[in-house]
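These notes are about the structure you will find just below.
Where a number appears in this text, it was derived from the coordinates with a stated rule and is not lab data. What you see is a predicted model; the values in this text were computed from it and never measured. Cβ sites come from the backbone with ideal geometry, for glycine too, and all protein chains shown count toward neighbours.
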Amino acid sequence: MHGIPTEYYGPRKAELLVRYLKKFVAPDVSILNSDAEVSDFVENAGTFFPLFIGFGLDESVMSNLALKYKKKAWFAVAKDFSEDTMVLYDFDKVPALVALQPSYNEHNIFYGPFDEEFLEEFIKQNFLPLSVPINQDTLNLLKDDKRKIVLAIVEDETEEKSQKLVTTLKAAASANRELVFCYVGIKQFADFADTFEANKKSKLPKMVVWDGNENYLTVIGSESIDEEDQGSQISRFLEGYREGRTEQKKVAGPSIFGFVNSLIGIRSVYIIVFMVAMLMLLRTLGKDDEEPSRVGTSDQSEHARSTVSRAENDEYRSGEKED
């Protein structure tokens with residue numbers, strides 16, 4: 001971007017890719033001067049990135065952090081807005097920083113203090129939704145988050161009972177921001193769930209605390225949770241984790257970094273094999289094209305040699321007649 005090599009971790013679909021690239025050439029902090037501009041900013045930003053809009057905040061308060069985290073989120077400050085906008089984004093005083101997660105229909109409000117240390121902590125916590133579904137995209141986002149991961153493993157993310165658990169996880173995440181709360185369905189991501197010894201024969205939902213690398217903890221007496229009163233069971237799980245009533249285990253597969261890198265590695269191998277096959281095919285086609293020309297050249301040479309031989313014989317015979 002701007003002649004500087006830039007790593008790309010965004011979406012691959014054409015529409016999303018264009019929107020992602022537009023973000024890099026946009027201002028670090030957009031200035032919004034009306035309700036309409038706020039609405040347009042949110043709409044044009046799309047749903048792939050979180051948004052941070054400072055209502056009644058000065059641009060200088062966010063400029064350093066906006067530059068630092070430009071690849072991960074949209075940033076703006078609204079200088080002029082109505083009460084309708086305050087109602088729409090659910091804040092009742094200014095200054096306020098509103099964090100939006102359009103993909104998950106979530107938003108959080110920060111009323112300060114607006115020192116850079118506290119502001120950065122709020123921004124970092126809101127790069128991810130309260131309850132994160134595990135997939136290849138979110139694994140990339142989790143790589144940069146240093147918090148421990150509370151992981152719930154269910155059979156199928158789309159089932160009603162799983163969605164009920166996700167709602168409970170969101171409530172727990174809101175009260176425990178020092179942890180990241182995630183969930184994964186065996187039906188959706190069986191290979192990943194298997195690294196925690198979870199499969200369809202296991203008692204589900206299963207709960208673990210993962211460090212994002214090779215180790216995870218199970219809480220003794222809270223290895224799994226029932227469908228009834230899940231909020232209380234999750235509270236007991238967190239209590240047992242903090243009190244150290246845990247058993248440490250190692251993942252059966254690679255860490256977050258290793259898992260993502262292995263996926264990239266497999267793709268690289270496929271690409272290399274494809275390129276080698278194409279080169280071999282091109283070489284084979286090239287040889288086939290050269291063969292007729294070689295045959296033609298050989299025929300011409302033979303014809304030339306036979307012509308020269310006949311000429312020499314004629315001269316020899318004429319010489320004999322003269323003698």
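Less than 19 Å apart at the alpha-carbon level, and either on another chain or at least 8 residues along: which lysines does that give for LYS93?
Correct list for LYS93: LYS79.
If you consider only alpha-carbon coordinates, what radius of gyration and Dmax does the stretch 63-163 have, in Å?
16.0, 48
Going by amide H atoms built from the backbone, whose H comes under 5 Å of the H on GLU155, apart from near neighbours?
Those qualifying (amide H under 5 Å, at least 5 residues apart or on another chain) are ILE186.
With both bridge residues required to lie in the stretch 24-174, what share of the DSSP beta bridges run antiparallel, to the nearest 5%?
Antiparallel bridges make up about 55 percent of those DSSP assigns within the stretch 24-174.
In the structure displayed, which of LYS70/LYS249; LYS124/LYS187; LYS206/LYS250 lie more than 27 Å apart, Cα to Cα?
LYS70/LYS249; LYS124/LYS187
How are the alpha carbon pair distances in the stretch 60-107 distributed across 10 Å bins from zero to the largest one, expressed in percent?
Using 10 Å bins, I get a P(r) of 20, 49, 30, 1 for the stretch 60-107.
Do the alpha carbons of any pairs in LYS23/LYS71; LYS22/LYS72; LYS68/LYS170; LYS170/LYS201 sit beyond 18 Å of each other, and which pairs?
Beyond 18 Å between Cα atoms: LYS68/LYS170; LYS170/LYS201.
Let me check I have the definition right: for the stretch 130-253, take the eigenvalues of the Cα gyration tensor, multiply each by 5, take square roots. What are those semi-axes in whole Å, largest first?
Equivalent ellipsoid of the stretch 130-253: 18, 17, 16 Å, largest first.
Which of SER224, SER82 comes first, and how do the rest follow, when ranked by fewest Cβ neighbours within 10 Å?
Arranged by neighbour count, lowest to highest, SER224, SER82 become SER82, SER224.
For a quick check: sort VAL184, VAL61, VAL94 by the number of other beta carbons within 10 angstrom, fewest at the front.
Least crowded to most crowded, the residues run VAL94, VAL61, VAL184.
How compact is the stretch 1-127 by the rule of thumb for globular proteins, expressed as Cα Rg over 2.2 N^0.38 Å?
Rg over 2.2 N^0.38 Å, computed on Cα atoms: 1.03.
Can you put SER30, SER63 in order, fewest other beta carbons within 10 Å first?
Lowest count first: SER63, SER30.
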